[in-house]
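First up is the structure itself, then whatever we jot down about it.
The values are calculated or read from the model by the stated rules, or taken from the named source; none is laboratory data. Bear in mind that the values here come from a model prediction, so they are computed numbers and not experimental data. Cβ placement follows ideal geometry from the backbone for every residue including glycine, while neighbour counts extend to all protein chains displayed.
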Amino acid sequence: MLTCRLIRDIIYLQHMNICSSIDLLDCYVLKIFLRRRTMVSGKFDSNKDYIHTQEDIVEVLENTMPQEEVLYDLAELFKVFGDSTRIRILYVLFETEMCVYDLSKILNVTQSAISHQLRVLKQNKLVKFRREGKNIFYSLADEHVRTIINQGMEHIEE
């Protein structure tokens, strides 16, 4: 399926008489070559229509881009997923709620290390807990956590 950007680029190349007799795929490859040539040499920018189109895209992105604080918070959230022990804890919690003792046995990690990682996960609203007597049971905060992990797995398995 051709994207709008691909179609626009092909029309531009045809308009410039660059690709009148070659098929569309070859035309697109030529467009990529010309773009790379532009970036390397800095000499091929006489196509003002193409630059104007890019300016339109830039303007749209400037108006729709999330605020810097929101992007910072998102980056901080993704940092939480950067520790394999935390990921392993989340995988166990996919199945059922667990206490620190059981998590430490399953993952073969000290209870203090599990508690520390659970504190980080709790601070970032990825896990919740409930108290039952002296025991505290941890579970996933919501289904978003499972979705994030599953999409990450799909991405690395591609």
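Within segment 132-158, the set of residues being closer than 18 Å to residue 104 by Cα and surrounded by fewer than 10 Cβ atoms within 10 Å (Cβ to Cβ) comprises 134 only.
Each residue in segment 37-46 was checked for being modelled with pLDDT under 50, part of a loop (DSSP other than H, G, I, E, B) and charged (D, E, K, R), and 1 of them qualify.
The rows are residues; the columns are (1) within 16 Å of residue 81 (Cα to Cα); (2) touching a Leu at 6+ places or on another chain (Cβ under 6 Å); (3) at pLDDT below 95.
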residue: 109; (1), (2), (3): no, no, no
residue: 116; (1), (2), (3): yes, no, no
residue: 120; (1), (2), (3): yes, no, no
residue: 123; (1), (2), (3): yes, no, no
residue: 128; (1), (2), (3): no, no, no
residue: 137; (1), (2), (3): no, no, no
residue: 141; (1), (2), (3): yes, yes, no
residue: 158; (1), (2), (3): no, no, yes
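Of 76, 95, all but one fail to be under 20 Å from residue 135 (Cβ atoms) and surrounded by fewer than 17 Cβ atoms within 10 Å (Cβ to Cβ); the exception is 95.
Kindly indicate whether any position in segment 100-122 is in the same structural domain as residue 136 (by TED's automatic domain parsing), closer than 14 Å to residue 146 by Cα and hydroxyl-bearing (Ser, Thr, Tyr).
Here is the first cut: in segment 100-122, the ones in the same structural domain as residue 136 (by TED's automatic domain parsing) are 100-122.
In the following step, the residues that additionally are closer than 14 Å to residue 146 by Cα were identified as 121.
After this cut, where a residue has to be hydroxyl-bearing (Ser, Thr, Tyr) as well, the list is none.
No.
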